[in-house]
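Just below is one structure, and these are the notes that go with it.
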């Protein structure tokens with residue numbers, strides 16, 4: 001849905017320009033932006049000594065509007081401007097003319113005893129480091145104990161790259177307009193923005209293939225059963241077990257696939273691991289295989305297959321993946337099955353298609369896409385380039401997990417939970433992805449849904465979470481989603 005679209009700086013500029021060309025004056029858009037910021041501030045804090053730090057462009061113009069509105073509401077407000085008030089142009093000059101209070105120079109002493117600082121110096125379009133006076137002033141604001149509110153983005157943060165160009169302050173609240181930008185959702189920018197509020201200033205939607213991962217985008221596509229459903233109709237998922245001493249990861253994935261709704265989940269196990277797996281499996285079925293050819297036969301009717309959790313970094317895993325690829329099942333390639341191809345990633349890519357999913361963390365991503373994270377401008381571009389190269393869905397795990405499809409669709413997950421930093425949580429995520437794909441969900445949407453469900457489950461549990469808890473929390477999240485509006 002459009003409300004969850006993420007726009008680049010250029011796309012946002014185009015949206016502004018289109019509104020102006022359609023007859024909405026820029027000064028009106030600036031007034032709406034300032035009203036959104038002032039309203040967000042007043043909704044969260046009581047009146048207190050405030051200084052608004054204004055830059056020489058439109059971001060500064062927004063700041064003058066905020067200062068005027070807060071002062072009219074009885075707040076004690078000062079304005080500090082970078083540059084000469086007489087040099088302001090266009091809409092910013094009009095906004096400054098409506099401020100009837102004094103304007104001081106923007107220097108570190110401008111912070112004074114302020115309890116709230118509005119950073120309206122520079123917005124998302126900044127392309128160079130802050131000069132020393134601005135950086136020192138904002139650093140003092142950040143460390144003074146005052147509340148920091150950023151307009152659009154904390155100054156010094158690149159809207160597209162998602163990181164500071166040098167220094168950028170950490171805000172308590174960032175108010176942006178129309179849609180979020182990459183810096184609002186990817187780290188380290190996301191962490192510097194604090195709470196993010198998106199103000200509606202009356203712009204029209206802009207076509208984009210980048211979204212914030214949210215149930216509004218895929219909840220209507222969830223594969224719910226109906227009265228005629230039976231276990232085979234609900235999807236057949238297989239998971240490849242590791243050797244006898246490395247079986248737990250595959251069982252976690254299998255259990256997760258079953259909990260997320262797959263009708264029939266089978267753990268395909270090397271013969272020496274059958275006893276261990278049988279002792280710990282109930283609803284998950286168990287079947288042996290000894291060679292890659294036996295695996296191909298055993299997996300012949302599967303809708304989706306998960307390979308990698310504790311599978312072993314060896315030639316057997318490579319051969320097993322090729323066997324699964326020959327079945328036509330959608331593949332979820334995780335963990336060891338990724339690392340097994342580190343010497344020849346192209347060999348892996350040669351057997352993948354758009355229905356397959358690669359689930360690397362950053363280290364695994366570097367092994368199969370060497371140098372890409374460093375050469376790409378940011379994680380979104382890296383994920384998209386990787387998906388195009390692999391001809392498959394690729395997710396890069398992290399606090400800002402990015403999911404990209406080979407056709408250019410991309411989503412950034414923002415409900416990540418620190419409680420997921422525990423062994424085995426990635427195996428559960430692979431199971432959630434495989435289980436949804438087995439039920440017929442589009443692989444990109446299934447991956448987006450699984451990532452969100454995974455994080456939501458962790459949030460519901462909180463402290464003390466271990467990976468074994470996650471599959472059992474899935475039903476509670478699914479109950480939320482089955483009643484999702486729309």
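Only the coordinates and a few stated rules stand behind these numbers; no lab work does. This structure is a prediction, so every number in the text was calculated from the model and none was measured. Here Cβ is always computed from backbone atoms with ideal geometry, including for glycine, and neighbour counts include all displayed protein chains.
Rounded to the nearest 10 degrees, the angle from helix 469-482 to the longest Cα principal axis of the chain is 60 degrees. With a cut-off of 17 Å on the backbone N, the residues of region 267-286 near the modelled label site 7 Å out from residue 468 along Cα-Cβ are 276-284. Taking the Cα centroid of region 313-375 and of region 7-67, what is the distance between the two, rounded to the nearest whole Å? Result: 46 Å between the Cα centres. Legend: calculated FRET efficiency, residue 2 to residue 278, from the Cβ-Cβ distance at R0 = 51 Å, rounded to 0.05, equals 0.50. Peptides 27-33, 437-443, 400-406, 194-200 ranked from most to least packed, by the mean per-residue count of other Cβ atoms within 10 Å: 400-406, 437-443, 27-33, 194-200. Can you give me the Cα centroid spacing of region 265-301 and region 390-451 in angstrom? With region 265-301 and region 390-451 each reduced to a Cα centre, they are spaced 25 Å. Estimate the FRET efficiency between residue 93 and residue 216 by the formula 1/(1 + (r/R0)^6), using the beta-carbon distance for r and 30 Å for R0, to the nearest 0.05. Result of the calculation: an efficiency of 0.15. If R0 is taken as 41 Å, the Cβ-Cβ distance between residue 315 and residue 187 corresponds to a FRET efficiency of 0.65. Legend: ranking of residues 375, 209 from fewest to most surrounding C-beta atoms inside 10 Å; resulting order 375, 209. Protection proxy ranking of 164-177, 71-84, by the mean of other Cβ atoms within 10 Å over each peptide's residues and highest first, is 164-177, 71-84. Quick one: helix 425-438 against the long Cα principal axis of the chain, what's the angle to the nearest 10°, folded into 0 to 90? Between the helix axis and the principal axis of the chain, the angle is about 70 degrees. Counting only DSSP beta bridges whose two residues both lie in region 215-482, roughly 25 percent are antiparallel.
Ellipticity at 222 nm from helices only: DSSP H runs of n ≥ 4 in the chain, each -39500 (n - 2.57), divided by the residue count, give -12000 deg cm²/dmol. Given their separation in residues at 0.36 nm each and the Cα-Cα distance between them, residue 244 and residue 195 gain 12.9 nm when the chain is fully extended. How far is helix 9-21 tilted off the main Cα axis of the chain, in degrees rounded to 10, range 0 to 90? Tilt relative to the chain: about 50 degrees. Cβ crowding within 10 Å, taken as a proxy for footprinting-reagent exposure, orders 49, 152, 272, 355 from fewest neighbours to most as 272, 49, 355, 152.
Extension gain residue 13-residue 229, at 0.36 nm per residue separation less the Cα-Cα distance, in nm? Additional length available on full extension: 72.9 nm.
When DSSP beta bridges are restricted to pairs lying wholly in the chain, around 15% turn out antiparallel.
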